[in-house]
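Scroll down for the structure; my scribbles are underneath it.
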Amino acid sequence: MKYINTLMMLMLLCLTASAQQYETAVEVDVAPDDTVSVEAVDVTVIPVDEDVITAADTLIVDTMAVDSSMVWPNNLCAHLEQMLKSDMFKTSMVGMMVYDLSTDSVIFQHNERQRLRPASTLKVINAVTSLDKLGGSFLFRTRLMTTGEVDSLTLRGNLYLVGGMDPLFNGDDMRAFAESVRQLGIDTIRGNVYADQTFKDADRWGEGWCWDDDNPDLMPLLINGEDKFMKRFCQELGKVGITLVGDTLAGTTPASARLLCSRTHTIDQVLQRMMKNSDNLFAECLFYQLARQASTKGPATTAMGRQMVNNLVKKIGLNSRDYYMADGSGLSLYNYVSPEMEVRFLRYAWQNDNISTHLLPSLPIAGVDGTLSSRMTKGTARGNVRAKTGTVSGVSSLAGFCVAPNGHQLCFSIINSGQRKALTARVFQDKVCEKLTGVGEKSDR
């Protein structure tokens, strides 16, 4: 009987330990006749509120141990595979690819060829193609020209404001325009002021943009990003004592017009705000500069910009018919790319110094600046990951570069689709980046 009691007590201890491990309630009653009865185990599953979701809530499966004997990158891949078992992928999907730039080989891929809406990571494709075609010394230019002649303090003729889709044109630039007219030694203009907006087509919005979004106004003549150029120019003329005796009209600059003033901003200045702050207007202005390179005849169109991107898609070994780039910012519902495509563009940029020296400084840095300033603020990803973010309804994405613990340079693309809560997708992306930057040659992290 003592032997039986001992055996039963050992069984009781095992059951109790197992119950404590899974945080379940187990009641045990030892009867006078030395028999043991165990009442039913009651397990309660508590639903998770996605609005207050945390990294632990989202990626519970990621806490499972990975074989510590694995070496890099197998251990890294094991971690990523575990993360893909998360319950979030019962109702949404993700496409991702991780590429080792140091060995020029794929490390990890999952739905990498799935065509997905990229949101603002499309700006990476725009930036890489534009730097490849326009070069790092490219300038955005707005000009003031005239066909008039000065006669007794009067300019007899017209002025032409020639738009070049410069999103950085500002009050200082406008004052410089007015000052250049004043320096002609006049106080009156007997002629018209024409807004030459023939740089691009007449479309003020992009293809597939939602009417209820905060869409930028796509006009070649903008001041501080607003369509108030003509009004502001006339105001500045008045401030320097010049009276306009004429009208403000739309028109095309004649070949006989001569230059009075030109104001420029660099491609690096535009890229900083376009990539760090994910500014859609700046992205579209760059895309139209790219489009302009397709043909010098007629206004620039998005189709021309798409042609330039498709040329590079073919150059990096993909079929351009498999993708569609409707705009330069990622706002359009019609954009479709794949993680593989984004990674190939990042690889191309990395292999070309004329691109990478301008692209890398423009990307947000995890936990430091831009749209990543409040993400990955601790741990190995902080200050290491440089990547473009993307968010539209139902889509969250991240694409960029980082350095693995062994010093290997990596690039990656992650596109979450069908995820209603953007926070859930961002937590997943940040976790991936923590693994990319934290899992070493041998690690059970």
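Under the √(5λ) rule applied to the eigenvalues of the Cα gyration tensor, what semi-axes describe the equivalent ellipsoid of segment 210-281? Give them in Å, descending.
Semi-axis lengths for segment 210-281 are 29, 17, 14 Å.
Mind listing which trypsin sites (Lys or Arg not before Pro) in segment 248-350 are in a DSSP loop and have 12 or fewer other Cβ atoms within 10 Å?
Taking segment 248-350 and a limit of 12 other Cβ atoms within 10 Å, the loop trypsin sites (Lys or Arg not before Pro) found are K297.
How big is the accessible area of C234 in square angstrom, nearest 10, if you roll a 1.4 angstrom probe over the protein chains?
Counting only protein heavy atoms, the figure is 50 Å².
Under a Cβ-Cβ cut-off of 11 Å, what is the net charge of the residues other than G370 that fall near it, where Lys and Arg count +1 and Asp and Glu count -1?
Charge balance in the 11 Å sphere: +3.
Let's test this: bin the Cα-Cα distances of segment 152-276 at 5 Å from zero up to the farthest pair and state each bin's percent.
Taking every Cα pair in segment 152-276, the percentages come to 2, 10, 18, 22, 19, 13, 8, 5, 2, 1, 0.
Taking Cα pairs under 8 Å and at least six residues apart, what relative contact order does segment 242-378 come out at, in percent?
Relative contact order comes out at 21 percent.
Using only Cα atoms, locate the centre of segment 167-229 and the centre of segment 271-309, then give the distance between them in Å, rounded to an integer.
The distance from the Cα centre of segment 167-229 to that of segment 271-309 comes to 17 Å.
At a probe radius of 1.4 Å, what is the per-residue accessible area of D214, in Å² to the nearest 10?
Roll a 1.4 Å probe over it and D214 shows about 150 Å².
For segment 78-214, what does the accessible surface come to per residue with a 1.4 Å probe? Please give it in Å². Let's see the in-between values first.
On the way: 5680 Å² over 137 residues.
Per-residue value: 41 Å².
How much accessible surface does S262 have with a 1.4 Å probe, in Å² rounded to 10?
40
Hey, can you find the accessible area per residue of segment 292-339 for me, probe 1.4 Å, expressed in square angstrom? Don't skip to the answer; put the middle values down first.
Values: 2180 Å² over 48 residues.
Averaged over the residues of segment 292-339, the accessible area is 45 Å².
Counting just the Cα atoms, what span does segment 77-209 cover along each of its three principal axes? Round to the nearest Å and put the largest first.
82, 34, 22
Cα to Cα, under 19 Å, and not fewer than 8 places away if on the same chain: which lysines meet these conditions relative to K231?
Those lysines meeting the cut-off are K239.
Using only C-alpha positions, report the orientation-averaged shadow area of the convex hull of segment 248-371, nm², one decimal.
Its average projected convex-hull area is 10.7 nm².
Rank E112, E179, E342 by accessible area, highest first, at a 1.4 Å probe radius?
E179, E112, E342
Taking only the alpha-carbon atoms of segment 302-445, what semi-axes of the equivalent ellipsoid follow from 5 times the gyration tensor eigenvalues under a square root, in whole Å, largest first? Please report the intermediate quantities before stating the final value.
Details: eigenvalues 138, 71, 38 Å².
Square roots of five times the eigenvalues give 26, 19, 14 Å.
Checking the table K276/K378; K85/K315; K314/K421; K90/K314; K90/K133 against a 30 Å threshold on Cα-Cα, which pairs fail?
Violating the 30 Å Cα-Cα cut-off are K85/K315; K314/K421; K90/K314; K90/K133.
Kindly provide log₁₀ I(q)/I(0) values, in the same order as q = 0.19, 0.21, 0.24, 0.26 Å⁻¹, from the Debye equation applied to equal alpha-carbon scatterers of segment 392-445.
Results for segment 392-445 at q = 0.19, 0.21, 0.24, 0.26 Å⁻¹ read -0.67, -0.76, -0.88, -0.96.
Give me the extension gain from Q409 to S373: residue separation times 0.36 nm, minus the current Cα-Cα distance, reported in nm with one decimal.
Numbers: separation 36, 0.36 × 36 = 12.96 nm, distance 2.17 nm.
Once the chain is fully extended between Q409 and S373, it gains 10.8 nm.
Would you mind checking the radius of gyration and Dmax of segment 162-207 based on alpha-carbon positions, in Å?
14.2, 46
The values are calculated or read from the model by the stated rules, or taken from the named source; none is laboratory data. Everything numeric in this text was worked out from a predicted model, so none of it was measured. Counting neighbours? That spans all protein chains shown, and the Cβs are built from the backbone with ideal geometry, glycine included. All accessible areas refer to the heavy atoms of the entire protein, side chains included, with ligands and DNA or RNA removed. Shrake-Rupley method; radii C 1.70, N 1.55, O 1.52, S 1.80 Å.
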